[in-house]
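The values are calculated or read from the model by the stated rules, or taken from the named source; none is laboratory data. Just so we're clear, the structure is a prediction, and the values are computed from it rather than from any experiment. All Cβ positions, even for glycine, are placed from backbone atoms using ideal geometry, and neighbour counts span all protein chains on display.
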There are 2 protein chains.
Amino acid sequence: MSSNSGQIENFKLVRADIQDRFISVTWSSGSKSLFPCVWLRDNCQSQDCFHPSTKSRLLTLDNIDTDEIPTNVKINCNNELEIVWKNNHVSLYKAEWLDKRRFEEDARKKRLTWLGTDMELWGSEMKNKVPVQQFQKILDDDNELYLWLRHLEKYGLVLIKDAPREVGQLNKLGQRVFFLRKTHYGETFQVKVKADPNNAAYTTGILNLHIDQCYYDYTPGVQMLHCIENEAEGGESEFCDGFHVVNQLKERFAEYFNILKSVDLDFMDIGTENNRKFHKIHRCPTICTNHKGEILKIMFNNAIRDSHIDCDAETALKIYESLKVFHKLLNDERNKISFKLKPGEIVCFHNFRVLHGRKAFKSNRNRHLEGAYIDWDEIHDKMRVLRSELNN
Amino acid sequence: MSSNSGQIENFKLVRADIQDRFISVTWSSGSKSLFPCVWLRDNCQSQDCFHPSTKSRLLTLDNIDTDEIPTNVKINCNNELEIVWKNNHVSLYKAEWLDKRRFEEDARKKRLTWLGTDMELWGSEMKNKVPVQQFQKILDDDNELYLWLRHLEKYGLVLIKDAPREVGQLNKLGQRVFFLRKTHYGETFQVKVKADPNNAAYTTGILNLHIDQCYYDYTPGVQMLHCIENEAEGGESEFCDGFHVVNQLKERFAEYFNILKSVDLDFMDIGTENNRKFHKIHRCPTICTNHKGEILKIMFNNAIRDSHIDCDAETALKIYESLKVFHKLLNDERNKISFKLKPGEIVCFHNFRVLHGRKAFKSNRNRHLEGAYIDWDEIHDKMRVLRSELNN
């Protein structure tokens with residue numbers, strides 16, 4: 001910011017006034033911002049109040065008083081808000097620090113860029129726009145790494161090309177972020193036709209559009225599928241932006257949308273992997289929303305939807321009507337894309353949002369994919385670190 | 001069940017009738033149960049419809065019709081509901097299988113035992129009732145292992161004694177469940193006084209009652225702290241059942257409860273661990289509830305609560321009032337217990353529910369704890385597997 005005097009000017013503080021339990025600060029632009037006194041006290045950045053290396057608050061909630069009004073406030077010669085409290089403790093707040101934490105909506109919107117909520121929804125027009133990146137570049141170049149993760153955040157779908165045609169490549173991508181997400185299928189899993197399969201992925205059958213691992217409360221955030229061999233006839237991959245389809249459902253079939261976001265279904269996975277038994281059950285609505293009504297994730301996987309349903313028989317009938325309409329929308333040609341993975345390609349997708357499927361194939365020739373997951377907590381973490389380093 | 005003829009009698013089916021889009025089955029007790037026809041079709045257990053080794057549904061939502069009525073229904077001589085569908089496909093449903101999936105409330109309540117939702121809330125009376133188990137027994141005996149996990153589910157707090165006084169014991173406990181939960185602090189972390197600490201735990205200061213890792217969307221489910229050395233003066237551990245306190249808040253301070261479950265706060269952790277930078281941010285309410293209003297987890301950690309707040313200044317003031325009241329209730333002597341961990345003890349607690357704290361200590365003598373986490377997905381999984389094996 002130091003190179004931009006215009007921006008510094010915006011951060012110039014000209015006066016500060018006590019207004020009831022708030023401090024009103026006036027910027028050189030003439031605009032005013034209101035900060036609660038208790039928030040200022042709570043966020044004093046002095047070494048007595050905030051630990052510099054742990055970057056954490058030393059003050060406890062006992063140390064602050066929601067009714068405390070400072071004895072003096074002023075803008076000092078360093079362009080800081082300077083507050084003197086009753087016990088003579090002095091707090092200093094830099095103008096830029098305050099600007100970033102303003103309670104006005106424009107400042108709060110800017111903050112969202114750090115939370116990774118920005119996405120661009122898509123339908124079948126995505127067919128010719130799937131972001132494509134080179135495997136080795138992602139390993140070598142932090143800008144490419146950031147771009148990969150940004151594509152995942154924005155579109156929920158990326159195709160990586162020119163990866164070596166052998167297992168172990170997903171570990172390299174995982175390490176570039178931080179670590180792979182482990183499940184009861186391990187850190188990586190091999191999608192091949194297996195005798196006595198414990199998962200539908202290990203058969204030759206069709207896999208309708210679905211979300212992986214709905215039987216986990218902690219559903220893996222991003223899935224990567226690395227195509228090592230794909231000589232079998234058929235087996236094309238399908239992808240659909242579920243958030244885009246949920247918006248259509250909400251608009252056109254409000255009743256079904258309401259049922260799918262409020263009635264729980266159970267998902268389960270029972271079997272043995274590497275000689276260890278597993279028995280997962282997770283109960284959740286098909287469309288998971290938060291306390292603000294925002295869509296968090298879609299939990300839809302017809303194969304492992306459990307026969308137990310926690311509602312009365314009449315509501316259960318409504319659920320089937322809703323699921324059928326949602327399934328039909330997901331599979332509308334205007335909403336999905338399909339392509340056949342080639343050896344050396346890795347498709348990566350947002351597993352809360354982008355449903356994936358596979359057409360049936362003939363097992364006359366070899367087909368081998370390696371799969372792995374990474375969680376969003378670690379992806380967003382890495383993006384913030386890269387953003388600070390790359391000054392994005 | 002085969003040894004209990006009384007129970008078999010309860011599962012005896014006597015008749016089946018088509019009623020609009022439902023099948024009404026009559027049990028020998030005289031009671032009736034209603035099942036939607038489409039649910040029966042969807043859950044046909046034949047090998048054409050349900051894959052026996054993957055234990056997953058082969059039928060897709062395209063294959064079922066919410067308006068389809070069977071051409072014939074009857075109870076056959078094997079005590080099964082036998083349905084003939086329009087295309088002559090025959091479905092068979094065992095009486096006991098149907099009984100477990102009845103849509104009546106009593107059957108749905110029984111199902112809850114598999115979901116692990118049963119808990120017993122506590123206050124300071126817990127002081128003399130903390131479940132205590134022996135380390136080696138948990139490693140050796142599946143009944144003790146089940147009991148440990150059941151204690152965690154029910155009380156959210158267990159004290160394990162007589163563990164070797166050296167690092168590495170938590171890995172053994174983790175392996176008994178499945179695997180430890182990794183975070184940016186690693187799979188295990190050493191709680192010691194450190195120079196230039198990156199976390200408040202690594203200082204000698206007080207740690208007020210808090211939840212660990214609120215800056216993760218995927219907050220670790222259970223925390224284990226293994227006391228290896230504890231010769232320092234002070235440093236007693238504190239525990240509080242947060243769900244118990246939330247109920248008090250809801251009852252006595254409904255306005256504050258509503259604010260804490262609806263207004264987001266940000267939590268953050270920025271630093272370097274093992275030469276790797278991390279930058280976590282997570283935004284959520286203090287009291288996280290689901291679409292049914294049930295409390296899922298408490299996200300409360302004053303030290304790493306961020307200075308950014310996503311609301312207007314007036315609401316921010318209300319949040320501080322609410323947080324102070326919640327903090328005061330948490331620290332009410334009637335709501336918390338404290339004890340000093342001894343070398344060889346491992347305290348384990350539900351990290352969504354039981355807040356933990358530490359009194360300040362003098363760094364004149366050695367204090368060393370090893371910490372680790374396990375997620376609930378894996379704990380509930382293991383409990384179900386054990387329950388089936390131990391016939392609990």
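Cβ-Cβ distances below 7 Å connect the following pairs, each with a first residue in the range B:373-391 that is more than 9 Å from chain A (Cβ to nearest Cβ), a second residue that is among the aliphatic types (A, V, I, L, M) and in a strand (DSSP E or B), and a separation of six or more residues or different chains: B:TYR373/B:VAL222; B:ILE374/B:VAL222; B:ILE379/B:VAL222. Filtered by the rule that a residue be out of contact with any Asp or Glu (no Cβ under 6 Å at 6 or more places or on another chain) and under 19 Å from B:LYS292 (Cβ atoms), the range A:306-339 gives A:ILE309, A:CYS311, A:ASP312, A:GLU314, A:THR315, A:ALA316, A:LYS318, A:ILE319, A:SER322.
One residue is enough: does the range A:16-23 have a residue meeting the conditions within 11 Å of chain B (Cβ to nearest Cβ) and not in a strand (DSSP E or B)? Yes. Per the listing B:ASP162, B:ASP196, the residue uniquely farther than 16 Å from B:ILE346 by Cα and either modelled with pLDDT under 95 or more than 9 Å from chain A (Cβ to nearest Cβ) (or both) is B:ASP196. Those strands (runs of 3 or more DSSP E) of the range B:240-353 in which at least 1 residues are of a type outside the set (S, T, N, Q), within 8 Å of chain A (Cβ to nearest Cβ) and surrounded by fewer than 16 Cβ atoms within 10 Å (Cβ to Cβ), considering only elements entirely within it, cover B:276-285. With respect to the conditions (1) within 12 Å of another protein chain (Cβ to nearest Cβ); (2) touching a Pro at 6+ places or on another chain (Cβ under 8 Å), B:ILE206 lacks only one, and its number is (2). Within the span defined as the range B:166-173, one or more residues are touching a Leu at 6+ places or on another chain (Cβ under 7 Å) and free of Cβ contacts under 8 Å to residues at least 60 places away in the same chain. For the range B:68-133, the strands (runs of 3 or more DSSP E) that sit wholly inside it and include 3 or more residues that are surrounded by 14 or more Cβ atoms within 10 Å (Cβ to Cβ) and within 14 Å of chain A (Cβ to nearest Cβ) are B:90-94. Just one of the listed residues (A:GLU80, A:GLU105, A:GLU144) is closer than 26 Å to A:PHE352 by Cβ and not hydroxyl-bearing (Ser, Thr, Tyr), namely A:GLU144. What do you reckon, is B:THR219 in the same structural domain as B:ASN351 (by TED's automatic domain parsing) and farther than 20 Å from B:CYS348 by Cβ? No, not satisfied. Scanning the range B:182-199 turns up no residue that is surrounded by fewer than 21 Cβ atoms within 10 Å (Cβ to Cβ), part of a helix (DSSP H, G or I) and touching a Lys or Arg at 6+ places or on another chain (Cβ under 8 Å). Listed conditions (1) aliphatic (A, V, I, L, M); (2) out of contact with any Ser or Thr (no Cβ under 7 Å at 6 or more places or on another chain); (3) without any contact (Cβ under 8 Å) to a residue 60 or more places away in the chain are all met by B:ILE319, apart from (3).
Of all the listed residues (B:TRP114, B:TRP85), the sole one being in contact (Cβ under 8 Å) with a residue 60 or more places away in the chain and not assigned by TED's automatic domain parsing to the domain that holds B:ILE379 is B:TRP114. Residues of the range B:79-107 that are within 16 Å of A:ILE281 (Cα to Cα) and in contact with a Lys or Arg (Cβ under 8 Å, 6 or more places away or on another chain): B:LYS100 alone.
Of the residues making up the range B:1-25, just one is at pLDDT 95 or above, buried (at least 16 other Cβ atoms within 10 Å of the Cβ) and more than 14 Å from B:PRO70 (Cβ to Cβ), namely B:LEU13. Within the range B:52-65, is there a residue that is touching a residue at least 60 places away in the same chain (Cβ under 8 Å), more than 25 Å from A:HIS279 (Cβ to Cβ) and either within 14 Å of chain A (Cβ to nearest Cβ) or in a loop (DSSP other than H, G, I, E, B) (or both)? Among the residues of the range B:52-65, not one is touching a residue at least 60 places away in the same chain (Cβ under 8 Å), more than 25 Å from A:HIS279 (Cβ to Cβ) and either within 14 Å of chain A (Cβ to nearest Cβ) or in a loop (DSSP other than H, G, I, E, B) (or both), which makes the answer no. Checked against the criterion of being among the acidic types (Asp, Glu) and not in a helix (DSSP H, G or I), the range B:363-377 has at least one qualifying residue. Residue count for the range B:142-166 satisfying the condition of being loosely packed, with under 14 Cβ neighbours inside 10 Å and over 15 Å from B:HIS226 (Cα atoms): 1.
Answer yes or no as to whether B:VAL38 is within 12 Å of chain A (Cβ to nearest Cβ), in contact with a helix residue (DSSP H, G or I) (Cβ under 8 Å, 6 or more places away or on another chain), part of a strand (DSSP E or B) and β-branched (Val, Ile, Thr). No: the conditions fail for B:VAL38. Note on the range B:245-289: residues that are under 24 Å from A:SER388 (Cα atoms) and in contact (Cβ under 8 Å) with a residue 40 or more places away in the chain amount to 15.
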